[in-house]
Amino acid sequence: QVQLVESGGGLVQPGGSLRLSCAASGIIVSIYTMGWYRQAPGKQRELVAQIAYLGTTKYADSVKGRFTISRDNPKNTVYLQMNSLKPEDTAVYFCNADKGGLSYWGQGTQVTVSS
């Protein structure tokens, strides 16, 4: 049984930082393409950052230079470090694991950027 459990969301002021965690069970994150997606109210879910099993990373243009995705293989956990947060980063953030057509999602964690 695969589980992806996100944590680390919350309310932060503009310019602040948060680190999201995605703890996985039932899969090995190092052999999956792991991604962070977000969905704001009234908008489609969009890819924020992705790390492939070889360690290559990809980012949405809107977060390049501000967000960093990383992976801790012994802990089987993926992180998203978010710096210089903006109000437009407000969304529910979801963790995703994808491999060979199999795709798993976490339940999401709310990130709100507001003064």
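The values are calculated or read from the model by the stated rules, or taken from the named source; none is laboratory data. Everything numeric here is computed off the predicted structure, so don't read it as measured data. Because the Cβ atoms are built from the backbone with ideal geometry, glycine has one as well, and the counts that use them run over all protein chains shown. Protein only, heavy atoms only, side chains kept; ligands, DNA and RNA dropped before computing areas. Shrake-Rupley method; radii C 1.70, N 1.55, O 1.52, S 1.80 Å.
Scan the stretch 1-17 for residues that are in contact with a Phe, Trp or Tyr (Cβ under 9 Å, 6 or more places away or on another chain) and either without any contact (Cβ under 8 Å) to a residue 24 or more places away in the chain or open to solvent by 30 Å² or more (accessible area, probe 1.4 Å) (or both) and jot them down. Steps first, please.
Start the filter on the stretch 1-17 by keeping residues that are in contact with a Phe, Trp or Tyr (Cβ under 9 Å, 6 or more places away or on another chain), which leaves 2-4, 6, 8-9.
Answer for the stretch 1-17, where residues must be in contact with a Phe, Trp or Tyr (Cβ under 9 Å, 6 or more places away or on another chain) and either without any contact (Cβ under 8 Å) to a residue 24 or more places away in the chain or open to solvent by 30 Å² or more (accessible area, probe 1.4 Å) (or both): Val2, Gln3, Gly8, Gly9.
Of the listed requirements (1) touching a residue at least 12 places away in the same chain (Cβ under 8 Å); (2) exposed (fewer than 14 other Cβ atoms within 10 Å of the Cβ), Gly42 misses just one: (1).
Please pick out the residue among Leu18, Leu4 that is closer than 19 Å to Pro87 by Cβ and not small (Gly, Ala, Ser).
On the way: Leu4 fails: closer than 19 Å to Pro87 by Cβ.
On inspection, the qualifying residue turns out to be Leu18.
Only one of the numbered conditions (1) touching a Ser or Thr at 6+ places or on another chain (Cβ under 6 Å); (2) among the small types (Gly, Ala, Ser); (3) closer than 19 Å to Ser7 by Cβ is not met by Ala52, and that is (3). Of all residues being within 11 Å of the chain's Cα centre (by Cα) and assigned to a loop (DSSP other than H, G, I, E, B) in the stretch 100-115, which is surrounded by the most Cβ atoms within 10 Å (Cβ to Cβ)? Just the residue, please. Looking at the filtered set, the residue picked out is Gly106. For the stretch 45-76, the set of residues classified as surrounded by 13 or more Cβ atoms within 10 Å (Cβ to Cβ), of a type in the set (D, E, K, R) and part of a loop (DSSP other than H, G, I, E, B) consists of Arg45, Arg66, listed by residue number.
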